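For reference, the structure discussed in these notes is given below.
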Amino acid sequence: MTSHDRPTTDAHADTDPSAGPSPASPDPGTEGAADGRQVTEAALFEAFGGVRGMVETVVPGLLFVTIFTINKDLHVSAIAALAVSLVLGVLRLIRKDTVKHAFSGVFGVAFGVVFAMMTGNAKDFYLPGMLYTLGLALAYMITTLAGVPLIGLILGPVFKENLSWRTRNPGRKKAYAKASWAWGLILLAKCAILFPLYWWADTTQLGWVLIALKIPPFLLAVYLTWVFLAKAPAPIDVFAEMEAKEKAEEEAEERRRAERETLDRVTDDLSRELVQEAAAEPQSDPPQGGRHRR
C-alpha cells in the first residue's frame, strides 16, 4: 500500500487537547515478566504452605513456651502443643488441603514431645526441630555442590518442570543453586544462634528466641528465592510437552489407521472390479474334434 493509498483519518483525526495523552499499549515483555513473578509467587506459596503454613509452624511452639513460662509444667505444655498441632492438621484434612502440610507440623511436634518426655528436660522439646534445621541447611548446600540443588527438587514439580532444569535450562539451574545457597546459609546462621542457647540458656529463653527466629529467616529465604527465580528463564512445562507428544502420537496413529482403512477400501474396490470384469468376459467355444479334409 503506497502513501497515497493509506487512509488519512488517523493522521488528521480530531483530537481533544483536554483529553490528555492516549494510554500507552502494554509492553509484552513487561506483561510476561509480571506473569512469571506471579507464577513464582504462587508456586512458593504452594510449596511452603503460605501464611497459614507459617502460622501453623509457630502456634504449637508458642503455646508450649507460653504455658511452660507460666507454670513450668512440662507435661501440660507438651500435651497442649501436640493437641493444637493435631487440631490444625485435622482442620487441613477437613478442608482437603495438602496432606504434607497437614502432617509435617504434627510429626515435628510429636517428636519434640517424645524427646522431652523421655529425657525429662523441657529444652529437648526443641531439639528435634533444631537438628532438622541443621540437617536441612547441610542438605541445601551439599546438593548444590553435587549439581542438584535441593530447592530445584522441591519446586520443580510445582512448576511442572520436574528435573528438566538440570540439562535443558541452565539459567534456571543457576537460579536454583543461588536459592539453595541462600536457604542453606540462612538456616545455618539460625543454627549458630540456637545451639549455643540450647546449652547455655534456660528453656524459656531458648523457646522465645526460637519463636522469634521462626518466621523472619523463612521470609528472607523465600524472598531471595523469589528474586532469583523471577529473573531466571521460564520453566519448561514437561507435563505439557508430554501431553503434546501423546496427542501427536494419537493423531499420527489416527492418520495411519485412516490410511489403512482407505487402502483397504481401495483394495476391496479393485478386487470387486476385477471379479466383475472377469465375469463379464465372453467365454470362447472349445475347438471341434476330428481331422480337416484335404
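Among the numbered conditions (1) open to solvent by 40 Å² or more (accessible area, probe 1.4 Å); (2) touching a residue at least 40 places away in the same chain (Cβ under 8 Å); (3) not acidic (Asp, Glu), the only one that residue 205 does not meet is (2).
One residue stands out among those in segment 148-158 that are open to solvent by 20 Å² or more (accessible area, probe 1.4 Å) and in contact with a helix residue (DSSP H, G or I) (Cβ under 8 Å, 6 or more places away or on another chain): the one that is nearest to residue 240 (Cα to Cα), which is 158.
Contact annotation: no residue pair with Cβ atoms under 9 Å, 6 or more positions apart or on different chains, pairs a residue in segment 260-277 that is touching a residue at least 60 places away in the same chain (Cβ under 8 Å) with a partner that is loosely packed, with under 10 Cβ neighbours inside 10 Å and of a type in the set (Asp, Glu). Considering segment 93-201, the qualifying helices (runs of 4 or more DSSP H), each wholly inside and each with 3 or more residues that are of a type in the set (S, T, N, Q), run over 127-145. With respect to the stated conditions, residue 116 is surrounded by 19 or more Cβ atoms within 10 Å (Cβ to Cβ), among the small types (Gly, Ala, Ser), on the phi < 0 side of the Ramachandran plot and in contact with an Asp or Glu (Cβ under 7 Å, 6 or more places away or on another chain).
Scan segment 47-71 residue by residue and report those that are closer than 15 Å to residue 204 by Cα, free of Cβ contacts under 8 Å to residues at least 12 places away in the same chain and surrounded by fewer than 16 Cβ atoms within 10 Å (Cβ to Cβ).
70, 71
Out of 185, 197, 220, one residue alone is at negative phi, buried (at least 16 other Cβ atoms within 10 Å of the Cβ), modelled with pLDDT of 90 or more and not aromatic (Phe, Trp, Tyr). It is 197. Being open to solvent by 20 Å² or more (accessible area, probe 1.4 Å) and more than 23 Å from residue 135 (Cβ to Cβ) holds for only one residue in 190, 178, 245, 214, and it is 245.
The values are calculated or read from the model by the stated rules, or taken from the named source; none is laboratory data. Here the structure is a predicted model, which means the values were calculated and not measured. Glycine also receives a Cβ, built like all others from the backbone with ideal geometry; neighbour counts cover every protein chain displayed. Note: accessible area is taken over every heavy atom of the protein model, side chains too, but ligands, DNA and RNA are not part of it. Shrake-Rupley method; radii C 1.70, N 1.55, O 1.52, S 1.80 Å.
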